[in-house]
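J.: Quick one: the structure is below, questions incoming.
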């Protein structure tokens with residue numbers, strides 16, 4: 001099977017946050033939310049790391065936030081995605097820290113926090129940053145075993161069902177879910193080594 005690299009659709013990557021949210025709400029296609037997630041991955045990881053103080057917990061939190069938002073984000077009224085996702089992530093981390101009885105950073109002015117992470121994230125211009133994030137994701141995906149990489153791409157990018165993935169790849173249907181779960185875990189590990 002020929003390797004398929006994850007590439008961002010330039011038409012989608014040029015859309016504003018609000019346009020992506022609207023398209024996601026109308027179509028429920030993961031590709032639009034995925035684009036927002038890629039844009040704000042450094043911000044989400046930075047907030048999670050700040051509040052959870054452990055890179056493993058922060059990586060888990062980022063993935064859980066994305067999974068949680070896949071099914072729920074269409075129900076929220078969002079005017080400014082950057083501020084909203086910051087607040088959502090902060091609240092999520094505080095809840096996790098409370099459940100696990102972790103020490104957390106003491107919150108102060110949210111506006112200062114957003115500006116602090118804006119400064120940290122915008123070290124280069126946005127296009128260069130998008131290219132770096134995409135390249136990192138592609139590199140990490142290419143480190144995965146073929147079954148995991150293909151299953152992740154077909155499930156999250158192409159939005160295929162387990163049965164469609166099995167038909168397209170020839171992988172046994174009963175193994176697809178495991179390939180996706182193991183692929184997500186391995187992808188998280190690779191990303192943590194490179195972030």
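J.: Please list 67-78, 33-44, 161-172 highest first by mean number of surrounding beta-carbon atoms within 10 Å per residue.
T.: 33-44, 161-172, 67-78
J.: At a threshold of 8 angstrom on Cα-Cα distance, excluding pairs fewer than six apart, so keeping six or more, what relative contact order does the stretch 45-91 reach in percent?
T.: Reported relative contact order: 43 percent.
Here, each number is a calculation from the coordinates, and none is a lab measurement. Bear in mind the structure is a predicted one, so any value in this text is a computation, not a measurement. When we count neighbours, we look across all protein chains shown, and the Cβ atoms used for this are built from the backbone with ideal geometry, even at glycine.
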